[in-house]
Structure formats: C-alpha cells, structure tokens
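> Sending over a structure as structure tokens; questions will come in a sec.
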Amino acid sequence: MAHHMRFAVAVMLMMTSLLALADNAILVRDAWVREAPPGAPVLAAYFTLENPGSKADKLVAVRSADFAKIEIHATEIRAGVARMIALDALPIPPHAVVKLAPGGHHLMLHRPRRPPAVGMTIKLELRFSSGANLTVAAPVRRAETGAAHHH
Amino acid sequence: MASRKALISVTLVAALGIILVLGYLAGRTFRDPARATTVAGMTVLEPASPLPEFRLHDQNNQVFDRARLQGKWSYVFFGYTHCPDICPTTLVVLRDAQKIAGGREQGVQYIFVSVDPDRDNAATLKNYLPYFHPEFIGATGSQGELMRLTRALGAYYETGKTRGGSPATAPGVALPPPSLESYEVHHSAAIFLIDPEARLRALFAGPHDAARLVQGLQRLKGG
C-alpha cells in the first residue's frame, strides 16, 4: 500500500513538473489530413495551434516520413484571385489560437510515399522557433462539407 | 481683325470641348448600361453578358464549347488538380449545393475548368472529379481557348512559382513550369453562374456556401 502511495506521489510530482515545463509549450489540437481525390499528388493537413504562454512562437517546419516535402501555406484571396503563399514560418502570438482550416492556412503535403486513405494516421513532426518539437497524429479524413466544421 | 480671329478660335475650341464632354457622357451612358448588384454574396449582371465561342474538351475527350452551356444553368469554377486546399474545398461546396438542390434542379450542371493544362488532361479530370460527384463536368484546353473563356467571364489565372521565381504578369500567360510538381496556379476564387442562353448571369465571390449558391440560382429563376 505504502509502495503504491509513494508511486502515486511520484507520478503526481512528475506530472506537476511536466505541467510547469509545458506552461509555455504550444498545444496542437484537431489535426487531420484531407483525403486526396484520386490522382491528386498533393494533400492538405489542418490543425489548431494554441499558445498558452506569454512568449511569441513560430511554427518553422513540419516533416513526415510519409511525404517527400511539407510546406506551410496560406491561401490568400486578393482581388478575387486565390493564391497559395508558401510561408517561412507561421507566427503564433502569445495567448493566441491559430487555426489551419480549409480555405486558409494549411500544410501542403507533397508526394505521399503511400496513398493516404481514410482510416490511416499520418505522423507530423512540428518544429517551433522555441526549439520545441512536437509529434502529432493526424487521421486522414474525407472532407464532408465545404465549411471548416470538423469535430 | 486679329482679335476677331482669336475670338473665333476660342469659340471653336470651347464648342469642340463641349461636344467632346457631351459625347463622352453620352457614350458612357449608352455604351455601359450594364448594372451589377450584389445581394448575399451573389453579384448579378444586368443584362447578362453573352459568352463568345470557345473550344475546350471534357473529361471524356468530347468537345466542350459554348453549345454545351446552352439549355442549362451552369456553375463554373476554375482550378487545378495539384491544388490541395481551395479547389477541393470549393468542389465539396458544389457537391453540397447539388445535394441541397437535389432532384428539384434538373437543368443544372457543375463544371470544373482546369487552368493547368500542362498537368491536367481529360484522363486526370476523369480520375479526379467523380470523387466529388459522378456528374460533375471537367474541362480544359489550350491556353488560348482557356484565355478566351476566362477573359469573357472576367476570370483570372496565372501560372508560376510563388517563391524564388518571377510570376507571370499578364493574365492567362503561363511561364514554363520550373518542374511539373513545384509550381502553383493562381486563379479566380469565384463561382460563375451561366444562364441557359450561355450568358454570364451572376458570380459568387466567396467564401462559398452551398445554400447561398442554391438560393441565388432560385432567385434568378424566380424572376
């Protein structure tokens, strides 16, 4: 019993210190990869980034073993013309939530090493300017509506 | 004598000026009677703007020309299959619109025109489009024919690199692709609505919404 107690306390202490460490870490939620229509050699991935800390951060690079190349993109509509802009980094201001969603910011995934099908999960390795790295599991999903309502 | 001559020239110049101004005003009134009103994201052209002849081909390698727009309402969207975000997003909206309209909308067709003929052909489109809807029409063609159609609609496209390259400056002018995979295509985000007489009747600027596309067409049909 005492043994269990000690273990529980140790776990709680560890969790507390992890939480303290994580205070400024970026959170990634609702990651998903849009299933590509047949023959389309590029896909998009979306997620929500949250910066709970008071320091600005940036998403600077994303890698995945499943794709030859990944770029951070913005879809911009200016004067009625849609353009994809490759970004060097995606700023995540302090206490801000940055959403990657259809028709806006997205990751552009080039040349899948295996065709991503619904049900598969893609591992994305995110690198931030703070030096932090995060691995995110993004399920491949079919986009059911044009709007960015995905739960 | 000299002062009379001067007076005559001044009068002539003034008269000429008045004629030019009146002519300009009259020309503007008669030449440009088209009005465009925007309601709920839909800009309606009054009167509708007739399209010229053009010649593309569809995903079955059949000729896709102006005649194919006659007798039906057509939603037209320009894009390309190497487009991971805005094109599939818009095609899903069109699919939703088709679903909402359901069986009620018999004489309506949905057309995806690829403005990237270097990478998209009939086979590419035939493979790509049924994912969204089996009845969607895909079309593409030469740069010249694509330009004819896009210019008539007031649509725009441009092929080039977004980074590290010099993008094309003239509308519809394609740069030699740096490599078949790495270039992107800028294109109008609008969905164009063509009436059964092959005239541009309205356009939706976006962001697109399926219900709005359907309601817009119903409003036009309702008179």
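The values are calculated or read from the model by the stated rules, or taken from the named source; none is laboratory data. Since the model is a prediction, treat every value here as computed from it, not as a measurement. All Cβ positions, glycine included, derive from the backbone under ideal geometry; neighbour counts span all protein chains shown.
> Taking the condition of being of a type in the set (Gly, Ala, Ser) and within 14 Å of another protein chain (Cβ to nearest Cβ), how many residues in region A:35-63 meet it?
5
> If B:Lys126 meets every condition in (1) under 27 Å from B:Gly216 (Cα atoms); (2) within 14 Å of another protein chain (Cβ to nearest Cβ); (3) of a type in the set (Lys, Arg) apart from one, which number is that one?
(1)
> I'd like the full set of residues that are assigned to a loop (DSSP other than H, G, I, E, B) and among the hydrophobic types (A, V, I, L, M, F, W, C), limited to region A:30-62.
Of everything in region A:30-62, those that are assigned to a loop (DSSP other than H, G, I, E, B) and among the hydrophobic types (A, V, I, L, M, F, W, C) turn out to be A:Ala36, A:Ala40, A:Ala56.
> Within region B:186-212, count every residue that is more than 10 Å from chain A (Cβ to nearest Cβ) and assigned to a helix (DSSP H, G or I).
Adding up the residues that qualify gives 2.
Yes or no, residue by residue, for (1) buried (at least 22 other Cβ atoms within 10 Å of the Cβ); (2) more than 18 Å from B:Ala67 (Cα to Cα):
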{"residue": "B:Gln109", "(1), (2)": "no, no"}
{"residue": "B:Ser114", "(1), (2)": "yes, yes"}
{"residue": "B:Pro117", "(1), (2)": "no, yes"}
{"residue": "B:Ala122", "(1), (2)": "no, yes"}
{"residue": "B:Asn127", "(1), (2)": "no, yes"}
{"residue": "B:Pro134", "(1), (2)": "no, yes"}
{"residue": "B:Gly138", "(1), (2)": "yes, no"}
{"residue": "B:Glu145", "(1), (2)": "no, no"}
{"residue": "B:Tyr156", "(1), (2)": "no, yes"}
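> Let me ask something additional. Which of the strands (runs of 3 or more DSSP E) contained wholly in region A:73-126 include at least 1 residues that are more than 14 Å from chain B (Cβ to nearest Cβ)?
Filter on region A:73-126 gives A:90-92, A:97-99.
> Tell me the strands (runs of 3 or more DSSP E) entirely within region B:35-119 that contain at least 1 residues that are modelled with pLDDT under 95, more than 14 Å from every other protein chain (Cβ to nearest Cβ) and out of contact with any strand residue (DSSP E or B) (no Cβ under 9 Å at 6 or more places or on another chain).
By residue number, B:35-39.
> Next up: Here are B:Asn121, B:Asn60: which of them is without any contact (Cβ under 8 Å) to a residue 40 or more places away in the chain and either over 30 Å from A:Ala101 (Cβ atoms) or not hydrophobic (A, V, I, L, M, F, W, C) (or both)?
From the options B:Asn121, B:Asn60, the qualifying one is B:Asn121.
> When you scan region B:140-159, do you find a residue that is within 11 Å of another protein chain (Cβ to nearest Cβ), among the charged types (D, E, K, R) and in contact (Cβ under 8 Å) with a residue 60 or more places away in the chain, even just one?
Within region B:140-159, none of the residues are within 11 Å of another protein chain (Cβ to nearest Cβ), among the charged types (D, E, K, R) and in contact (Cβ under 8 Å) with a residue 60 or more places away in the chain.
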